[in-house]
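Below you'll find the structure, written out as structure tokens, and then a few comments.
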Amino acid sequence: MAEWAVFVVCALAAVAAAVAVFRVDSMARATFALLASFVFTAVPVLLLDLAYLGVLIVLMMTMEMVVMAVFMIMFMMNPAGLMPMTMVHNNKGALAISGAVFCVLAAGALLVPWPREPAPPPPADPTLQLGKAIMGGHMMVMMVAGLVLFATMVAGVVLATGRGRYDRYGDDLRGRPDDPIRGGVGR
């Protein structure tokens, strides 16, 4: 019964956070609302004893939202995407498309003949089976993609800063630093 209550709370919170994505007035707030929605969606996956997949959802969505926030800080005209802006465009068209998609998905869920035979017994180690099914021979690709994402985050932070650690020494890195304020540590 407690798992059912946690599921209901997380489902309602995920829907509320997803609605908040389109109701808040800044990109940064929408990013964090989307992150909250994904985290609340991962909790029911954890309740199904799919720890690997649940943790993977949380980690990947957290990193994705961090990358999005870094790029917002770097490239948006307003600081960190916190200035008010409209988050929804073409309201009537979006409502019509989303309503049609919902009707098609609901009809598919209700009209498809679902299998009636009992489910096969679960494997001895579902996490290992899931990892093999998801990754298979693609583990190297995922590792390289992770390194590329990490390099992108580091490069984004480097590009976002106005001055680097050694910029004040000049191009040849010799002589006294060109500090905007004289004094400081070690003098």
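List of remarks:
- Per-peptide packing, taken as the mean over residues of other Cβ atoms within 10 Å, places 7-15, 138-146 in the sequence 7-15, 138-146 from highest down.
- Convex hull projection area averaged over all views, the stretch 1-82, Cα basis, nm²: 5.3 nm²
Rule-based calculations on the coordinates, nothing more; no lab input. Owing to the predicted nature of the structure, the values given are computational and were not obtained by experimental measurement. Ideal geometry is used to build each Cβ from the backbone, glycine not excepted, and the neighbour counts take in all protein chains shown.
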